[in-house]
Amino acid sequence: LHLEAGSGYVFSHDVVRGVVYSDLSQPRRTLMHHRTAEVLCRRHEESGAFDEAAVADIARHAALGEDHALAACAYLAAGKRCLKLFASENAATMARKGLRHARELPEPARSRTLLELLDVQLWAKRPQNEAEFCSEGGEVAVVPTPLPGGVLDAAPVGQSVGRLVQQGGQHFVV
């Protein structure tokens, strides 16, 4: 085990890391990943710069730590960044992973995050038909009216819904 300057610990060999990791109970692993995601997120926010590797690590640890809100948010940020870099396949992958976590969120965060992730997914790869859209991890998003806990900011959600309907060629969003 080696102390790496400013970033934590690194195992000298993958076998050693695997043995240590396998000795941890599942609840302990989940807790450690959750705490790691929180620390990485705090460091990322303090730095003020977008660090792709940090966002990917945050998303991975948040997912393994079962922090659905943080995982969905990190995958969304990573997906948007991939779109800016014209990395469409990576953006679609980030959106698909984020969708799994967004489905676990309470309303209204669930609907907003689902729509934003679906927006990223459709910008990354335009489906040819509804079957392809659904097989790629898409879904029909039903936004309840009125939303519990308050009203969504209509502009970004409206843009996402319009783009989903327009790009899909069929009415995927109800």
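The values are calculated or read from the model by the stated rules, or taken from the named source; none is laboratory data. These numbers come from a predicted model, not from an experiment. No Cβ is skipped: glycine too gets one built from the backbone with ideal geometry, and neighbour counts run over all protein chains shown. Accessible surface areas use protein heavy atoms only, side chains included; no ligands, DNA or RNA. Shrake-Rupley method; radii C 1.70, N 1.55, O 1.52, S 1.80 Å.
How do the pairs read when you match residues in region 72-88 that are under 16 Å from Ala62 (Cβ atoms) with residues anywhere that are surrounded by fewer than 22 Cβ atoms within 10 Å (Cβ to Cβ) and of a type in the set (S, T, N, Q), using Cβ under 7 Å and keeping only pairs 6 or more apart or on different chains?
Matching pairs, first to second residue: none at all.
Going by the structure shown, is Ala77 open to solvent by less than 20 Å² (accessible area, probe 1.4 Å), of a type in the set (A, V, I, L, M, F, W, C) and within 11 Å of the chain's Cα centre (by Cα)? Outline the logic, then answer.
Working: open to solvent by less than 20 Å² (accessible area, probe 1.4 Å): no; of a type in the set (A, V, I, L, M, F, W, C): yes; within 11 Å of the chain's Cα centre (by Cα): yes.
Answer is no for this residue.
Just checking, how many residues over region 80-110 are open to solvent by 20 Å² or more (accessible area, probe 1.4 Å) and small (Gly, Ala, Ser)?
Summing the residues that are open to solvent by 20 Å² or more (accessible area, probe 1.4 Å) and small (Gly, Ala, Ser) in region 80-110 gives 3.
Give the number of residues within region 47-74 that are part of a helix (DSSP H, G or I) and open to solvent by less than 70 Å² (accessible area, probe 1.4 Å).
Final tally of qualifying residues: 16.
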